[in-house]
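Reading through the structure tokens given below for one structure.
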Protein chains: 2
Amino acid sequence: MKKDFKQIPIGYFYMPNEIEDYPCDIDNYSNTIQVEGYNFTLSYLSKPCNNSLMELETNSWKLDELVITTADYSNFYSIQCNKTIKFNKTSGNESDNDIWLKEKLLINKEFEWCNHLSLKYFLMPSLSAETDLNLYGMTLNQLLAKANYTKIIVPVDLQVPNAWLIWNKLRFICNHSPSINLALIFPSDASIELTNFDQWIAEPLKLIIIPTARFIPNKKGYPVLSPADQQSIASTLKLNLKYLVSSSEYKKSHAMHTGDSSISSYSKYLRFLFSKSSSSVSFSKNYLLQENPEIDEFSEGYQDYLQSPLQPLMNHLESSTYQVFEKDPVKYSQYELAIYRALRDRTSDDVALIMVVGAGRGPLVDCSLRAAAQANRRVKVLAVEKNPNAFITLQYKKSLEWQDRVELYFGDMRYFEPIELADILVSELLGSFGDNELSPECLDGIQRCLKPGGISIPCDYSSYLAPLSSTKLFNNIQYYQDESKFHSPYVVMFQSVFRLTDPQYVWKFEHPNFEVKNNSNLHNCRHTKLKFNIPLDGIVHGLAGYFEATLYKDVKLSINPSTHSPGMFSWFPLFFPIKNPLTVRKGEELNVNIWRYGEDKKVWYEWSLGSDNQFGPEFIHNSQGQHYYIGL
Amino acid sequence: MKKDFKQIPIGYFYMPNEIEDYPCDIDNYSNTIQVEGYNFTLSYLSKPCNNSLMELETNSWKLDELVITTADYSNFYSIQCNKTIKFNKTSGNESDNDIWLKEKLLINKEFEWCNHLSLKYFLMPSLSAETDLNLYGMTLNQLLAKANYTKIIVPVDLQVPNAWLIWNKLRFICNHSPSINLALIFPSDASIELTNFDQWIAEPLKLIIIPTARFIPNKKGYPVLSPADQQSIASTLKLNLKYLVSSSEYKKSHAMHTGDSSISSYSKYLRFLFSKSSSSVSFSKNYLLQENPEIDEFSEGYQDYLQSPLQPLMNHLESSTYQVFEKDPVKYSQYELAIYRALRDRTSDDVALIMVVGAGRGPLVDCSLRAAAQANRRVKVLAVEKNPNAFITLQYKKSLEWQDRVELYFGDMRYFEPIELADILVSELLGSFGDNELSPECLDGIQRCLKPGGISIPCDYSSYLAPLSSTKLFNNIQYYQDESKFHSPYVVMFQSVFRLTDPQYVWKFEHPNFEVKNNSNLHNCRHTKLKFNIPLDGIVHGLAGYFEATLYKDVKLSINPSTHSPGMFSWFPLFFPIKNPLTVRKGEELNVNIWRYGEDKKVWYEWSLGSDNQFGPEFIHNSQGQHYYIGL
């Protein structure tokens, strides 16, 4: 089910220069904006004023100070706070006390009226290099605490140098409040290019504001956006934002007949852009999945949703889980190919014993039989499964389809005592991070059943990590109000995320591993230290985890972005969060330590992130597997 | 009640160089150490070994690998982990996996035996520039999680350059675990001077280790410490530490007859040093209070104890609280002097009306009467008090002592309607931070009762702040496991603290303030921004708050360290904590924002700390007074 991008709301923001220009006939004004093709408008609530501190504190609004005086348009209007409010840096001396107090009283008074009218959004002053982020943040905190219906938006002017760093500082001052939303203001000057726009995808965006001056005339003279801007806009379309055209033009165009006016040409163009994009969204590089109806259906509702990793060893999977994964169009054809190649490479003519361990409802049994037919090799398939429910399906399929070609064994593969040894061991025990569903331990356990020189499919798998920004994922974890939730990895279909740099190799497991001799699991313990060169100022909310696996020779499976198996959807990446978001600067090195460790009946990861240039380094998460472990 | 420093435990740590040197006759060894005047010993638990990973995992200890083989000496022994364990930096490659795994298994095995024997302390390897703090911290976390009786100590070698920074990094890696204790190892080389030793007072010290090589021979050839070292030791005496002499000498001295051996000379000297110090402790500059028996008694048990600031306006004080404060030998004599001066400065001969507002049990009434007698001026004293219990005492004193010289009025001073106006208004409403018990609001309310040109005693008060390190205070707040506890200031008698730099002026309140016209309290709102130049690498756990007040002309009260009224003990400083301890580097500027803000019936502080060189800045604490406020 594809989203209809044509329904995306577009608004208009008329910014009067002089007090006389503030609209006084709101009926007429609202009507015009609507007729020009806009779904909402942003407006100042009150006109610039010079009230004293005492007047602000004691008096109610006078009607002529206000632009919006009734609740008639509550669905149509959002509010930009008074033009005079800046929260600019002051000397901090006592004599400056009145400046911020006045701004604080005024914005408070505006916000209360706005809230009373149930207007949807209230925009703070836009951030600039002059903003005193402590004064701004102190007030923002206060408004956030009072907001119920009305949402508060912090506008970020992308024209301001280091705009992202300024916003980032404010976020820390406000202690990562999950209630802050952002509006991005495109530069008025069309010649200013947006750099690192993708980074904003990981931020709590609500609104994109495009000044009319940003548009450039096309050959016919109609306003259009540059190809780069089109791409920026397209990268935001899946995020459920609103878009707003801002201009100091209104009276003039209002005089023109509606429909062809300069105002409507922007909404028309954006509407056209959205509808064009909905048929060929140019995905940002953060999107792992290609455009694919099957995937769209599969992923609906899963974007940025935190799932606890499966524990197939401790829990029995549901039928529906098998059903979903069996639909993957890529994974099983790769398995089939790997088995086919392995059978073709056999020099012996004997009947090959293929052991499918963790057979589930049997997809790899089917793969094995098809591969054997294709390779023209005689095989016997032995399917081992510990899930009693899946085992019923296996029996059903054996009686119906497989017959004598397949033998079934019910039980845990680690304790399976075979009558004969296998030529090929086929398993699908990989998690998003490769080893995180205990494939190493399971395959170590079953390899007794493999002939010397026998083959394991997969024969190896490697893990990869990259530093990730995502305010959304961070907020989703914060929402639990349970610190231990930061000590667990999650399976996530990434959407509002930004990868700061490319993933790096972490570690690898190979099978069979006949060096394993005793019952110790120490050889599956790992520690790796990574160093990431950070190419831009950014924030790290955690690590994105991926795997690459070799099924057989050059037949591979990968969810690592640069080598991702096209169209494969069985695995979303793993997200290792960190409790304290970490700001990293361009040129810095980010140090990552990650452990895979085990004791008794548990295996777990611990991870820490830090930068040499900074204190304090991030602490070690999930120490001693206290919060998250995988049960053996 | 003075502490008897002579009872401080002194231990001996014999560090064998070769495996052959490890003591084998533990009875004899323990006995000798005890006879030489030591209360405990530190010992290796096991000898250096070359066991493989698998041997370590599967085998129990062999008796000849161990130094301690029975529980016979559990009260006398603490343990230094095996000499071979380092957790040094490795390449982080997979091939290095075995190195840390081996060290981890060995230390684990040692710790379990140590814990089983209920030995008191287990010392980790000492920190050095080569230590891989992530590997070290990962293991430390694990041991801390397993420790019950045995406490874990991290030794810090003060000879290592940047020893404090290394420890600080480890603390962040271990997420500020409150279970970590430190041992400080003095440099063996007596010529190495300890710099910034005071900084360690704010750290979780348990043990001071002094190598015998640190001692220098005195004229008679006996080992003594340098004057600087003596002072360092003295500054730690109030902290309840243990002291340990370490040496590779044992066998040799053991051959000598006991009592005069080289070993006993260290314990004798330390015992002498402690007893000398107990009669004249050279307080570190962190101690606000002078040596004074009255103060010692008063402060017993209050060191580093977090008290919620008094709310005398919302709550009625207890009689015992009055009693304690009335004992202050300095405060009331300053008040008396101020009233005396004010009366002497009067040009009129009329009877002066002194209004004592918030009279409590009447100490300021007594001051006023004494001052009048002394100044030979006729006065009438009017005492206003809202606490019905204190008012009973006032009535009692009036009937017994004051008679007609004093009139009493029961009620809140802010609503008191006087028959005549006062010449002098005397109040004692100051908190540790000056205005934090709402003196400004109360005096604004009562100043209606003051004649034009009348005098308020105090006539002004200023607040001061300094950045403070204190792991103890931080841990005490962490202990609540309630984040909101970081959003409140506390009254604390500082002990295990270190002030990173001198306090700075914050803001001031003056009385009377006849500009106040309406009911607004905006004029008592404040915002101040401070910049502290940080003179050394350090950690900030919060702010220390102080006040200075002018009672009248040059008659002052101060708890600001540089101007502290000698001997006055009525006020401990205020501590504003921060949730995320902040590492600051030498030469950096620390920015502090603090607000005093009010709405409705509340006044509160908000505060934030940050450094320009770092992200993220500390967030704004107690936003909107959500966690702490003072009720009007």
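In segment B:499-513, which residues are under 22 Å from residue B:457 (Cβ atoms) and either part of a loop (DSSP other than H, G, I, E, B) or more than 13 Å from chain A (Cβ to nearest Cβ) (or both)?
B:511, B:512, B:513
Among the residues of segment B:565-592 satisfying the criterion of being under 17 Å from the mean Cα position of the chain (by Cα) and over 24 Å from residue B:478 (Cα atoms), which is nearest to the other protein chains (Cβ to nearest Cβ)?
B:571
Could you give every pair whose Cβ atoms fall below 9 Å, whose first residue belongs to segment B:514-526 and is more than 8 Å from chain A (Cβ to nearest Cβ) and under 11 Å from residue A:54 (Cβ atoms), and whose second residue is crowded, with 18+ Cβ neighbours inside 10 Å and not aliphatic (A, V, I, L, M), counting only separations of at least 6 or pairs across chains?
Sorted first by the residue in segment B:514-526, then by its partner, the pairs are B:523/A:97; B:523/B:440; B:523/B:444.
Scan B:144, B:165, B:184 and give me the residue that is within 14 Å of another protein chain (Cβ to nearest Cβ) and under 22 Å from the mean Cα position of the chain (by Cα).
Answer to the check: B:165.
Check off (1) within 24 Å of residue A:527 (Cβ to Cβ); (2) buried (at least 17 other Cβ atoms within 10 Å of the Cβ); (3) modelled with pLDDT of 90 or more for residue B:48 and give me the number that stays unchecked.
Answer for residue B:48: the failing condition is (2).
Evaluate the following for residue A:85: is it more than 14 Å from chain B (Cβ to nearest Cβ), more than 21 Å from residue A:208 (Cα to Cα) and crowded, with 18+ Cβ neighbours inside 10 Å? Please lay out each step first, then the result.
Working: more than 14 Å from chain B (Cβ to nearest Cβ): yes; more than 21 Å from residue A:208 (Cα to Cα): yes; crowded, with 18+ Cβ neighbours inside 10 Å: yes.
Spelling it out, residue A:85 is indeed more than 14 Å from chain B (Cβ to nearest Cβ), more than 21 Å from residue A:208 (Cα to Cα) and crowded, with 18+ Cβ neighbours inside 10 Å.
Does residue A:602 satisfy the criteria of being touching a Pro at 6+ places or on another chain (Cβ under 9 Å), away from every other protein chain (no Cβ under 11 Å) and surrounded by fewer than 20 Cβ atoms within 10 Å (Cβ to Cβ)?
Numbers: touching a Pro at 6+ places or on another chain (Cβ under 9 Å): no; away from every other protein chain (no Cβ under 11 Å): yes; surrounded by fewer than 20 Cβ atoms within 10 Å (Cβ to Cβ): yes.
So residue A:602 fails the test.
So in segment B:359-370, with the set limited to residues that are under 38 Å from the mean Cα position of the chain (by Cα) and of a type in the set (A, V, I, L, M, F, W, C), which one is nearest to residue B:410 (Cα to Cα)?
Top of the filtered list is B:359.
Quick check on segment B:570-592. Is at least one of its residues in contact (Cβ under 8 Å) with a residue 40 or more places away in the chain and within 22 Å of residue B:341 (Cβ to Cβ)?
Yes, segment B:570-592 has at least one match.
Got a sec? Which of A:470, A:439 is over 27 Å from residue A:301 (Cβ atoms), of a type in the set (S, T, N, Q) and buried (at least 22 other Cβ atoms within 10 Å of the Cβ)?
A:439
For segment B:37-48, which residues satisfy the criterion of being touching a residue at least 40 places away in the same chain (Cβ under 8 Å), in contact with a Ser or Thr (Cβ under 7 Å, 6 or more places away or on another chain) and either in a loop (DSSP other than H, G, I, E, B) or among the acidic types (Asp, Glu) (or both)?
Matches in segment B:37-48: B:37, B:38.
Only one of (1) free of Cβ contacts under 8 Å to residues at least 24 places away in the same chain; (2) in contact with a Phe, Trp or Tyr (Cβ under 8 Å, 6 or more places away or on another chain) is not met by residue A:409, so which one is it?
Tallying (1) free of Cβ contacts under 8 Å to residues at least 24 places away in the same chain; (2) in contact with a Phe, Trp or Tyr (Cβ under 8 Å, 6 or more places away or on another chain), residue A:409 fails exactly one: (1).
Looking only at residues in segment A:108-130 that are crowded, with 19+ Cβ neighbours inside 10 Å and within 14 Å of chain B (Cβ to nearest Cβ), which one is farthest from residue A:75 (Cα to Cα)?
By that ranking, first place goes to A:109.
Residue B:179 fails exactly one of the following numbered conditions: (1) more than 22 Å from residue B:544 (Cβ to Cβ); (2) away from every other protein chain (no Cβ under 14 Å). What is the number of that condition?
(2)
Please tell me if residue B:191 is under 26 Å from residue B:212 (Cβ atoms), surrounded by fewer than 20 Cβ atoms within 10 Å (Cβ to Cβ) and without any contact (Cβ under 8 Å) to a residue 12 or more places away in the chain.
yes
Residue under question is residue A:530, and the condition is that it be surrounded by 24 or more Cβ atoms within 10 Å (Cβ to Cβ) and part of a strand (DSSP E or B); does it hold?
no
Any chance segment B:318-334 includes a residue that's modelled with pLDDT of 95 or more, in contact with a strand residue (DSSP E or B) (Cβ under 6 Å, 6 or more places away or on another chain) and not assigned by the TED database to the domain that holds residue B:498?
Checking segment B:318-334: at least one residue is modelled with pLDDT of 95 or more, in contact with a strand residue (DSSP E or B) (Cβ under 6 Å, 6 or more places away or on another chain) and not assigned by the TED database to the domain that holds residue B:498.
Could you check how many residues of segment A:239-258 are at pLDDT below 90 and either closer than 28 Å to residue A:181 by Cβ or of a type in the set (Lys, Arg) (or both)?
5
From the list A:83, A:47, pick out the single residue that is touching a Phe, Trp or Tyr at 6+ places or on another chain (Cβ under 9 Å) and closer than 30 Å to residue A:269 by Cα.
A:83
To keep it simple, each residue is scored yes or no on (1) surrounded by fewer than 20 Cβ atoms within 10 Å (Cβ to Cβ); (2) in the same structural domain as residue A:176 (by the TED database); (3) touching an Asp or Glu at 6+ places or on another chain (Cβ under 7 Å).
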position: A:504; (1), (2), (3): yes, no, no
position: A:519; (1), (2), (3): yes, no, no
position: A:548; (1), (2), (3): no, no, no
position: A:560; (1), (2), (3): no, no, yes
position: A:566; (1), (2), (3): yes, no, no
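Table: residues versus (1) touching a Pro at 6+ places or on another chain (Cβ under 8 Å); (2) surrounded by fewer than 20 Cβ atoms within 10 Å (Cβ to Cβ).
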site	(1), (2)
A:196	no, yes
A:202	no, no
A:216	yes, yes
A:222	no, yes
A:228	no, yes
A:231	no, yes
A:248	yes, yes
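Can you work out which of the residues in segment B:425-455 that are assigned to a strand (DSSP E or B) and touching a helix residue (DSSP H, G or I) at 6+ places or on another chain (Cβ under 6 Å) is nearest to residue B:506 (Cα to Cα)?
Looking at the filtered set, the residue picked out is B:431.
The values are calculated or read from the model by the stated rules, or taken from the named source; none is laboratory data. In this text, all values refer to a predicted model and were calculated from it rather than measured experimentally. Methodologically, a virtual Cβ is constructed for each residue, glycine included, from the backbone with ideal geometry; neighbour enumeration extends over all protein chains shown.
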